[in-house]
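The values are calculated or read from the model by the stated rules, or taken from the named source; none is laboratory data. All figures in this text were calculated on a predicted structure; none of them were measured in a lab. When we count neighbours, we look across all protein chains shown, and the Cβ atoms used for this are built from the backbone with ideal geometry, even at glycine. Ligands, DNA and RNA are stripped out before the accessible areas are found, and what is left, the full protein with its side chains, is counted by its heavy atoms. Shrake-Rupley method; radii C 1.70, N 1.55, O 1.52, S 1.80 Å.
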Amino acid sequence: MKIAMIGQKGVPNIFGGVETHVTELATRLVRLDNTVIAYARFWYTPRGTKMFNGIRVVRLPSIKTKMLDAISHTFLSTMHACFFVRPDVYHFHGVGQSLLSWIPRVLAPRARVVVTFHAIDRFHDKWNPLARLMLHLGEYCAITFPHETITVSKVLRDYVKKEYGVTATYIPNGISPRRASADPILLKPFKLEPFGYIAMVSRLVRHKGQHTLISGWKKARELRPELFKDLKLAIVGDSAFTDAYVRELKEMAKGDDSIIFTGYQRGETLESIFMGSRFIVHPSISEGLSIAILEAMSYGKAVIAASIPENMEAIGDHGIPFKPGNINELAEKIIELTEDPMKAASMGHVARHYVEDTFNWDAISKKTLHVYEEHASQAKPVLATR
């Protein structure tokens with residue numbers, strides 16, 4: 001089967017949960033004897049990248065602005081797929097990108113169209129009213145035009161049912177089992193030492209809550225200065241068309257050498273940052289199903305997470321919740337895990353086994369392939385209802 005992945009920034013994943021999802025899923029679909037074409041944006045995927053893990057990578061331009069980057073690239077990718085690739089499956093990732101999921105229904109009626117609903121993007125602070133309106137319309141397209149809509153969390157599945165009366169297919173994000181170590185040499189450029197810091201890994205976007213973490217960290221240090229005198233906070237990630245927010249964060253951290261901004265990291269460096277951390281904090285107030293949380297748990301790390309339903313679905317009973325945006329409660333949770341390293345270690349150990357059993361990319365890829373195959377001879381008219 002020939003499958004086109006459309007909507008992600010690119011492959012291989014450099015940063016971004018959707019990009020990690022596509023890279024991991026596509027890699028396994030190739031191993032299951034499928035041909036996968038993944039579209040990539042010029043600015044994201046390095047020049048000369050044509051293949052990755054057996055995935056054919058097609059780089060195309062985009063209008064690199066916050067409002068037009070994703071939709072312009074999705075349009076070019078969809079048209080390229082329709083006229084030059086002619087896949088059996090068009091798999092769109094993201095509700096904004098789903099605005100164009102009708103195109104293959106018209107130009108390639110024999111093909112199957114699948115959309116993965118990764119998050120309720122219209123609730124994210126970075127969007128203006130027009131963008132939120134278009135993302136809301138994208139949600140409607142995501143459940144109207146494809147042969148199948150997939151959600152990455154049960155919370156999103158319930159949202160789609162309640163909001164649109166459609167029963168989506170739940171196939172979660174996943175993880176790969178991790179057995180790595182913290183390399184002091186890779187941590188040294190950031191002035192970090194193994195187990196001498198806590199960390200957050202995410203794009204620097206307001207709804208991810210780095211400002212909450214910085215405030216909670218400062219509060220914890222104020223309450224228990226002796227406990228934190230040798231510890232640091234590593235914030236891993238960078239701007240996603242959010243330069244003003246990044247400047248705000250760095251202003252908050254100005255003069256505090258315990259707060260380290262590492263920028264985007266990947267590969268062995270990112271593995272070392274995960275493995276070298278005491279524990280992970282994820283204060284995000286809007287998610288689909290956080291790959292950053294799942295990955296942290298796969299490295300055997302305890303996670304303190306804002307208690308939104310999507311985060312609670314990810315950590316199950318194997319993490320520590322706090323009320324979203326509550327700086328005092330977050331500071332208390334940071335103190336709690338910092339002063340009890342054995343609790344953090346044992347919680348992380350159990351969390352690792354939980355996510356390896358529950359969120360496995362191999363099983364997820366087989367479920368996704370089953371969705372493709374299930375619709376092989378069941379293409380519906382363009383505006384058919386379920």
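What to note about this one:
- Between the helical axis of 69-80 and the longest alpha-carbon principal axis of the chain there is an angle of about 30 degrees.
- Antiparallel DSSP beta bridges within the range 1-86, as percent of all bridges there, nearest 5: 20
- Heavy-atom accessible surface of the chain: percent carbon and sulfur, 1.4 Å: 55
- Dipole of the chain, positive direction: furthest Cα of PRO109, PRO283, ASN311, with charges on the beta-carbon: PRO109
- Two-decimal Rg/Rh across the range 188-295, once Rg and the Kirkwood Rh are taken from alpha-carbon atoms: 0.93
- Residue of GLY216, GLY138, GLY54 that the Gaussian network model of the chain assigns the largest fluctuation, springs spanning Cα pairs under 10 Å: GLY54
- Taking the alpha carbon gyration tensor of the chain, multiplying each eigenvalue by 5 and rooting it gives semi-axes of 37, 20, 20 Å, largest first.
- Formal net charge of residues neighbouring ASP69 (Cβ-Cβ distance under 15 Å; K, R +1; D, E -1): +4
- Most positive-pole-ward Cα, ASN328, TYR372, ILE198, against dipole of the chain from beta carbon charges: TYR372
- Of the trypsin sites (Lys or Arg not before Pro) found in the range 265-317, those in coil by DSSP whose Cβ has at most 13 other Cβ atoms within 10 Å are ARG266.
- Under 9 Å, Cβ to Cβ, from THR45 - net charge with Lys/Arg +1 and Asp/Glu -1: +4
- Sequence-distant lysines (8 or more away, or on other chains) whose Cα lies within less than 23 Å of LYS250: LYS66, LYS126, LYS188, LYS191, LYS208, LYS218, LYS219, LYS229, LYS232
- Proximal charge balance of PRO172 [Cβ under 11 Å; K/R count +1, D/E count -1]: +1
- Rounded tilt (10° steps) of 327-338 against the dominant C-alpha axis of the chain: 70
- For the pair GLU336 and LEU107, the difference between a 0.36 nm per residue extended length and the Cα-Cα distance amounts to 76.7 nm.
- Volume per residue of the C-alpha convex hull in the range 119-182, rounded to whole Å³: 125
- Whole-angstrom gap from the range 256-270 to the range 62-112, using each part's C-alpha centre: 34
- In the full protein context, the chain carries 42 Å² of accessible surface per residue, based on a 1.4 Å probe and ignoring ligands, DNA and RNA.
- Relative contact order for the range 209-321: 22 percent, from Cα pairs under 8 Å spaced at least 6 residues apart, divided by residue count.
- Fraction of antiparallel bridges per DSSP, the chain only, in percent to nearest 5: 5
- Spin-label zone in the range 306-345 - amide nitrogen under 16 Å from a point set 7 Å from the Cα of PHE195 along the C-beta vector: 337-345
- Length-normalised contact order for the chain - Cα pairs under 8 Å, 6+ apart - percent: 16
- If you run the Gaussian network model on the chain, springs between alpha carbon atoms under 10 Å, then out of ALA253, ALA26, ALA302 the most flexible one is ALA253.
- Evaluating kT/(6 pi eta Rh) at 37 °C and 0.692 mPa s, with the Kirkwood radius of the range 1-117 over Cα pairs in the Stokes-Einstein relation, gives 238 µm² s⁻¹.
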